[in-house]
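Chemist: What follows is a structure written as C-alpha cells; I'll ask about it next.
The values are calculated or read from the model by the stated rules, or taken from the named source; none is laboratory data. Note that this is a predicted model, so its numbers are computed, not measured. Backbone-built Cβ (ideal geometry, glycine too); neighbour counts: all protein chains shown.
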Amino acid sequence: MTVPRRTLDSLVTQVASELMAVDATTMASASERVLSWLVEHFDVDFSFLRFTDQKQRASILIAEWPPRPVAVDPDPLRVAYFDQTNSVFAQFEHATEPMVLRDSGEFPDYQQFILESTGYSQVSAAAVPLVSRDVSTGLLGFIKVGDRDWSTREVNVLKAIAALFAQLQARVEAEERLRYIAMHDDLTGLANRRALLEHMEDRLRPGSPGPVAAFFLDLDRLKALNDFLGHTAGDNFIRTLATRLRENLDPGDVIARLGGDEFVIVPAKPMDAAAAEREASRIQQLVARRVTVGEETVSRGASVGVALGIPGETTVADVLRRADHALLSAKSSGGNGVAVFTDAMRAQFELQDDVELNLRGAVADGSLVLHYQPEVDLRTGRVVALEALVRWQHPTRGLLPPGAFVGVAEATNLAGELGRWVIRTAAEQFAQWRRRGLASNVVIRINVSPVQLVSLDFVETIEGILRRYGIDGSSVCLEITEHVVVQDLARTQVTLRGLKRMGVQIAIDDFGTGYSSLSHLKALPVDAVKIDRGFVQRLGASADDLAIVKSIVGLAGSFGLGVVGEGVETTVAARTLVALGCYRAQGFLIARPMPGVEVEEHLAAGRIALDLDLPGTSRSVLPGAS
C-alpha cells in the first residue's frame with residue numbers, strides 16, 4: 001500500500017498503530033511494511049531492521065526493504081556474529097546513539113546491492129540503535145545513494161521509531177519466553193505434553209507424509225534410584241538422559257517428557273512397523289548406557305511401546321493410546337523390552353475398555369454368574385470341595401472368564417463390590433445345597449481380592465453372611481494369593497485371625513510363585529496351600545518342577561498344612577501328585593468349572609470317577625469330566 005506524505009509526528013503515530021497488534025508470527029511482515037513506508041517517506045534507497053541476540057552475540061536480520069536478491073544460501077547477512085573480524089555490525093553491538101555515515105564503506109554488502117540496483121557505489125547511511133533499559137538490542141538502518149543530510153528532527157523521529165521497534169522486540173521476546181515455558185519441560189528443556197500434541201496434530205494432518213511413529217518410553221525402576229541416591233540424583237539422571245537423546249537422535253525428531261520417567265519420541269521421518277521397531281530398540285540401548293551421577297555410575301533399563309499413525313486416518317489420541325498399550329505390554333513381559341502395537345493388543349484393550357465401562361452395571365443387573373470347579377481326593381474320586389469362580393455373561397462378548405475382568409475391577413475400585421457379590425452368591429447357593437442334603441461333607445472355596453482382605457469391615461461382612469445363610473465357618477475356605485500376603489502382612493494377620501475365630505479356613509493360592517516365605521507360613525493362621533498350576537501342569541516333563549512340587553508337599557507336611565494340586569490336566573500329573581503324598585487336586589482332567597445345576601450331579605453322586613490306574617485302586621471311567 002502507498003502511504004501519503006505525512007508529517008513526522010503522524011508518521012510515528014502510524015508506525016505505532018501498525019506495530020501495536022504485532023506478534024512473533026506477523027513481526028517480519030509488519031516490519032517490512034513499516035520499512036517500506038520509511039524508505040518512501042525519507043526518500044532513501046534501502047532500509048533494514050536487525051535484532052541483537054545477546055546469547056549468541058549476533059545481529060539477526062528481521063526485515064529489509066526492498067528485499068535483496070540473495071544469491072547464496074544461507075544469506076551471509078541473515079546472522080552476523082560480533083566476534084567475527086569481518087562483521088560490520090560489531091561496532092554497533094553496544095551503541096546507544098544514532099550514527100550518520102557518509103561514504104564510509106561500513107555496509108559493503110548493502111553497497112553492493114545498491115550498486116547493482118542503481119549503478120551508484122557512493123552511498124551514505126544512518127544507523128539508529130534500538131535501546132531497551134540503556135542496552136542496545138538492535139539496529140534500524142537506512143542507506144541512500146549519494147550523500148544525504150539528516151536533520152536533528154528526522155534523527156529524533158527515527159529514534160522514536162527505533163524505540164517502538166525495541167518495544168515490539170521486548171514484547172515478542174517476552175511472549176516467546178512464555179510460549180517456551182508453556183511448551184517445554186522445566187527440568188530437561190524437552191518438549192512437554194502440550195508441544196507434543198500440537199506437533200502430532202500437525203504430523204497427522206491429511207496429506208502429510210506417513211506413517212508417523214510414536215515411541216512411548218518408560219524408565220524401569222527409577223524410583224529405586226531416587227530412594228537410594230536421592231531425588232537430586234534422579235533429576236540429574238533425567239537431565240543427562242535428555243541430553244543424550246538430543247545428541248543421538250535426528251534434529252527433527254520431537255522428544256517430549258510427560259513427567260516423571262515417561263518420554264514420547266516422534267521421529268521426523270516416516271517409518272513402517274519394522275523400521276520403527278528397529279529404531280525403538282536403538283533408543284532403548286541408548287538409554288541403557290551407564291550414567292555418572294555424583295560419585296555413582298548407574299544405568300536403568302527402559303520399556304518402549306511403539307505405535308504408528310496414518311495421516312488423515314488416525315487421531316493423536318489413538319496413536320498415544322496405542323503406544324501406551326504397547327508400553328504396558330512391554331512392561332508386563334518383564335520390562336526392558338520393546339513392543340509394537342498389534343491387532344491382538346487392540347482387541348485386548350478394547351475388551352478392557354468395554355469391561356471398565358460396563359462392569360459396574362453387571363454387578364447389579366444379574367449378568368454375573370458363578371461356576372464351580374470340584375476338588376477331589378485323587379485316591380477315591382470323592383468330592384471334597386468346590387471352588388466358586390465368577391463368570392460374566394456379557395451382552396455381546398459371551399461368557400467371560402474372571403481373567404478378562406477381575407483385573408479391571410481391582411484397578412477401578414470395583415473389586416470390593418464384586419467380591420461381596422461372589423461371597424453372598426456362593427454362600428446362598430451352598431446353603432441351598434446343604435438344605436437339600438447335598439454338599440454335607442464339602443467345603444466351599446472362595447477367592448478373596450487384596451482390596452477385600454485389607455478392608456476394615458471384611459471380618460464383619462463374612463460373619464454377617466455366614467449368619468444370614470446359616471453356614472458354619474469350617475465349611476468355608478477363603479483363598480488368598482501369595483502376593484496379597486506380603487503387601488500388608490500386619491493387616492493380613494489381623495484379618496485372618498478374626499476369620500479363624502469364626503472357624504473359617506484359609507488357603508494360600510498359587511503357592512510357589514516366589515512371594516511367600518517360611519516366616520509368612522509361620523506368622524499366618526493358614527490351613528492349606530494350593531500348588532500353582534504352572535508347576536503341576538509340567539509334572540512328567542520337567543525335573544525342576546517335580547523338585548519344586550516335592551519340596552512344597554514336604555514343606556506343607558512339616559507345617560501340618562493341607563496341600564492341593566491345581567491345574568491337573570494329565571494322568572501323569574495326577575499319579576505324580578499321589579506318589580508325592582498330595583492327594584487333593586482339581587483340574588480339567590477331573591472336571592472343568594461348571595454351572596451350579598451341573599455340579600449338583602457330582603454332589604449327588606459324592607464322587608467323580610477317575611481312571612488313573614493307581615496302585616490299590618480299581619480302574620473306572622471318567623463320566624462328564626470333559
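Chemist: Within the stretch 298-309, can one find any residue that is surrounded by fewer than 18 Cβ atoms within 10 Å (Cβ to Cβ) and modelled with pLDDT of 85 or more?
Modeler: Of the residues in the stretch 298-309, the ones surrounded by fewer than 18 Cβ atoms within 10 Å (Cβ to Cβ) are 298-299, 301.
Add one more test, that the residue is modelled with pLDDT of 85 or more, and what stays is none.
No, there is no match, as no residue in the stretch 298-309 is surrounded by fewer than 18 Cβ atoms within 10 Å (Cβ to Cβ) and modelled with pLDDT of 85 or more.
Chemist: Quick check on the stretch 237-261: of everything there that is charged (D, E, K, R) and touching a strand residue (DSSP E or B) at 6+ places or on another chain (Cβ under 9 Å), which residue is nearest to ALA276 (Cα to Cα)?
Modeler: First pass over the stretch 237-261, keeping only residues charged (D, E, K, R): 239, 244, 246-247, 250, 253, 257, 261.
Remaining after also requiring touching a strand residue (DSSP E or B) at 6+ places or on another chain (Cβ under 9 Å): 244, 246, 253, 257, 261.
Values: ARG244: 19, ARG246: 18, ASP253: 13, ARG257: 19, ASP261: 21 Å.
So, considering only residues that are charged (D, E, K, R) and touching a strand residue (DSSP E or B) at 6+ places or on another chain (Cβ under 9 Å), the one nearest to ALA276 (Cα to Cα) is ASP253.
Chemist: Moving to a separate point now. Restricting the search to the stretch 120-157, which residues are closer than 18 Å to TRP65 by Cβ and small (Gly, Ala, Ser)?
Modeler: Answer for the stretch 120-157, where residues must be closer than 18 Å to TRP65 by Cβ and small (Gly, Ala, Ser): SER124, ALA125, ALA126, ALA127, GLY138, GLY141.
Chemist: Take the residues of the stretch 213-234 that are at pLDDT 70 or above and not hydrophobic (A, V, I, L, M, F, W, C): which is surrounded by the most Cβ atoms within 10 Å (Cβ to Cβ)? Outline the logic, then answer.
Modeler: We begin by selecting, within the stretch 213-234, every residue at pLDDT 70 or above; these are 213-220, 230-234.
Imposing the further condition that a residue be not hydrophobic (A, V, I, L, M, F, W, C) reduces the set to 218, 220, 230-232, 234.
On the way: ASP218: 21, ASP220: 19, GLY230: 13, HIS231: 10, THR232: 11, GLY234: 23.
If we take residues in the stretch 213-234 being at pLDDT 70 or above and not hydrophobic (A, V, I, L, M, F, W, C), then GLY234 is surrounded by the most Cβ atoms within 10 Å (Cβ to Cβ).
Chemist: (1) modelled with pLDDT of 80 or more; (2) in a helix (DSSP H, G or I); (3) surrounded by fewer than 17 Cβ atoms within 10 Å (Cβ to Cβ): which one isn't true of ALA330, the others all being true?
Modeler: For ALA330, the exception is condition (3).
Chemist: Being surrounded by 17 or more Cβ atoms within 10 Å (Cβ to Cβ) and more than 12 Å from VAL363 (Cβ to Cβ) is the filter here; which residues of the stretch 409-437 pass it?
Modeler: ILE423, ALA426, ALA427, GLN429, PHE430, ALA431, TRP433, ARG434
Chemist: Do we have ALA426 as among the small types (Gly, Ala, Ser), out of contact with any His (no Cβ under 8 Å at 6 or more places or on another chain) and modelled with pLDDT of 95 or more here? Give the derivation first.
Modeler: Working: among the small types (Gly, Ala, Ser): yes; out of contact with any His (no Cβ under 8 Å at 6 or more places or on another chain): yes; modelled with pLDDT of 95 or more: yes.
Yes.
Chemist: For the stretch 439-462, which residues satisfy the criterion of being over 40 Å from the mean Cα position of the chain (by Cα) and surrounded by fewer than 17 Cβ atoms within 10 Å (Cβ to Cβ)? Steps first, please.
Modeler: Here is the first cut: in the stretch 439-462, the ones over 40 Å from the mean Cα position of the chain (by Cα) are 439-444.
The answer is SER440, ASN441.
Chemist: Continuing with this model, one more query. Which residue pairs have Cβ atoms under 6 Å apart, sit 6 or more places apart or on different chains, and have a first residue in the stretch 162-187 that is over 16 Å from ALA21 (Cα atoms) and a second that is surrounded by 17 or more Cβ atoms within 10 Å (Cβ to Cβ)?
Modeler: ALA162/VAL128; ALA162/LEU130; ALA162/LEU140; MET183/ALA195; HIS184/ASN192; ASP185/ASN192; ASP185/ARG257
Chemist: Need pairs with beta-carbon distance below 6 Å; first residue assigned by TED's automatic domain parsing to the domain that holds GLU201 and closer than 14 Å to PRO211 by Cα and within the stretch 311-335, second of a type in the set (Ser, Thr, Tyr) and not in a helix (DSSP H, G or I); sequence gap 6+ or separate chains.
Modeler: PRO311/SER208
Chemist: Do you know which residues across the stretch 353-367 are under 24 Å from the mean Cα position of the chain (by Cα) and surrounded by 15 or more Cβ atoms within 10 Å (Cβ to Cβ)?
Modeler: First, the residues of the stretch 353-367 that are under 24 Å from the mean Cα position of the chain (by Cα): 353-357.
Result: ASP354, VAL355, GLU356.
Chemist: Now a separate question. Spot the failing condition for ASP9; the list is (1) in a helix (DSSP H, G or I); (2) within 19 Å of LYS159 (Cβ to Cβ); (3) modelled with pLDDT of 90 or more, and only one is missed.
Modeler: Unmet condition: (3).
Chemist: Of all residues in the stretch 21-38, which are of a type in the set (Gly, Ala, Ser) and in a helix (DSSP H, G or I)? Can you show your working first?
Modeler: Of all residues in the stretch 21-38, those of a type in the set (Gly, Ala, Ser) come to 21, 24, 28-31, 36.
Those that are of a type in the set (Gly, Ala, Ser) and in a helix (DSSP H, G or I): ALA28, SER29, ALA30, SER31, SER36.
Chemist: To continue, here is another question. Here is a check on your reading of the model: is LEU204 modelled with pLDDT under 90 and either loosely packed, with under 14 Cβ neighbours inside 10 Å or in the same structural domain as LEU328 (by TED's automatic domain parsing) (or both)?
Modeler: Values: modelled with pLDDT under 90: no; either loosely packed, with under 14 Cβ neighbours inside 10 Å or in the same structural domain as LEU328 (by TED's automatic domain parsing) (or both): yes.
For LEU204, the condition - modelled with pLDDT under 90 and either loosely packed, with under 14 Cβ neighbours inside 10 Å or in the same structural domain as LEU328 (by TED's automatic domain parsing) (or both) - is not met.
Chemist: Give the residue, chosen from VAL131, VAL155, VAL123, VAL135, that is modelled with pLDDT of 90 or more and either surrounded by 17 or more Cβ atoms within 10 Å (Cβ to Cβ) or acidic (Asp, Glu) (or both).
Modeler: Working: VAL155 fails: either surrounded by 17 or more Cβ atoms within 10 Å (Cβ to Cβ) or acidic (Asp, Glu) (or both); VAL123 fails: modelled with pLDDT of 90 or more; VAL135 fails: either surrounded by 17 or more Cβ atoms within 10 Å (Cβ to Cβ) or acidic (Asp, Glu) (or both).
None of the others qualify; the one that does is VAL131.
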